[in-house]
1. Place a label point 7 angstrom from the Cα of residue 118 along the Cα-to-Cβ direction, then list the residues of the range 79-102 whose backbone nitrogen is under 16 Å away.
2. For the range 12-29 and the range 107-167, what is the separation of their Cα centres, given in Å?
3. What angle, in degrees between 0 and 90 and rounded to the nearest 10, separates the Cα long axis of helix 139-148 from the longest principal axis of the Cα atoms of the chain?
4. Find the Rg to Rh ratio for the chain, where Rh is the Kirkwood radius over alpha-carbon pairs and Rg uses the same atoms.
5. Hey, what do the phi angles of the range 196-204 turn into as Karplus ³J(HN,Hα) couplings, whole Hz, using 6.51/-1.76/1.60 and θ = phi - 60°, x for Gly and Pro?
6. Sequence gap at least 6, Cα distance under 8 Å: using those rules, report the relative contact order of the chain to the nearest whole percent.
7. With angles folded into 0 to 90 degrees, how steeply does helix 278-289 sit against the dominant principal axis of the chain? Use alpha carbons for both and round to 10.
8. To the nearest 500 deg cm²/dmol, what mean residue ellipticity at 222 nm is calculated for the chain from DSSP H runs of n ≥ 4 alone, each contributing -39,500 (n - 2.57), summed and divided by the residues?
Amino acid sequence: VSDIFPLPLRRLGRTERLVTALGLGGAALNTGSYGRTYTEAESIACVRRALELGVTYFDTSPLYGDSERRIGLALDGWPRDRVFLATKTGTGTRPKDYSGEGTRRSVEESLRRLRTERLDLVQIHDPDDLSPALAPGGALDVLQRFKEEGVIGAIGLGVRSHEFLRTAIHHGAFDTILTYADFNLVRQTARETLFADARAHGVGIILGSPLLFGYLTNRPWEQVVAEHKDIEVSEDARRAREMREWAEARGVDIVALALQYCLRDQRVGVVLVGAGTPEEIEENVRAVTSDVPETVWAALKKEMGVE
Ligand SMILES: NC(=O)c1ccc[n+]([C@@H]2O[C@H](COP(=O)([O-])OP(=O)(O)OC[C@H]3O[C@@H](n4cnc5c(N)ncnc54)[C@H](OP(=O)(O)O)[C@@H]3O)[C@@H](O)[C@H]2O)c1
């Protein structure tokens, strides 16, 4: 650990909580519903390594297979107030369920699997239509009640649709938004449509998929493509490949470039990286805290048109 610098801390919007700028995304800590398959022991080792490296933010969802239970096991014995635990609701059942009753059940099951009495953040996850969640007696009402009771600390929305995220920003009841795959080295649309308004309303910004599902890593290209046949990123993938080649030609680590790029925008509260092993989270923490000279950012702007 000694050669890795401490992770910077950021305030997550009006939650007023200080969290590490890098958080561990729980999608990879499962039985293979996303990317590669990991054993329980590997996942636990990944979370424990993250804790040793000072990571305080952990994101998961009932959708991510065994992820919640594995995080719960890994955190057992660790002081609860030293971590920020974020999970989601609405997914993990078929069909998705944003009803009041379904939300109550989902939160209670998450508490049990995560072995905790309170959750720092619960996010309405991947709705195809916001109305059921926002309807009287629906998911949002139940989350607000849990918040009043102190069972949950904050309420968020995690979804790809910028329209839905904008509704959440202006609604007043949401403390955070989670946007993914739309602010990274190859695509910056979320910055244009969401960041200024979120900041103005005190809504914390959480970023997912900073490595574009693994495309912006040193992993062999063919391997990444084979792992993500289900993900529709053809144009973005082509651009990601150019980015990798550009970074390689300059001797810059693509993971450092990708993660630090997201964090250079000070409005971003936390960047979630989908590491699945101790080695990966270590590489990611190192990447965030390593030095990327200003000349590289200037060249990125000049040669790749990305700033
Ligand atoms: N709707 C939502 O709410 C939503 C949507 C997207 C993401 N998220 C959250 O954001 C988190 C991050 O998103 P993501 O998982 O898509 O992001 P990501 O970090 O952009 O990509 C994850 C992929 O990158 C690989 N990877 C990570 N670190 C690596 C390294 N150092 N070297 C090589 N490969 C590496 C992982 O490999 P392995 O598969 O081998 O681990 C995984 O395949 C998720 O885990 C989830 O918590 C939420």
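1. The answer is 79-87.
2. First find each Cα centre; the distance between them is then 16 Å.
3. Around 80 degrees separate the two axes.
4. Values: Rg = 18.4 Å, Rh = 19.4 Å.
Ratio of gyration radius to Kirkwood radius: 0.95.
5. 5, 5, 4, 4, 4, 9, x, 8, x
6. Working: 586 pairs, mean separation 63.7, N = 307.
Computed value for the chain: 21 percent relative contact order.
7. Between the helix axis and the principal axis of the chain, the angle is about 70 degrees.
8. On the way: 12 runs with 122 residues, N = 307.
One gets -11500 deg cm²/dmol as the mean residue ellipticity at 222 nm.
A short reminder: the numbers here are calculations on the coordinates, not readings from a lab. Keep in mind that this is a model prediction, so the values were computed, not measured. Don't worry about glycine lacking a Cβ; one is built from the backbone with ideal geometry, like all the others, and counts go over all protein chains shown.
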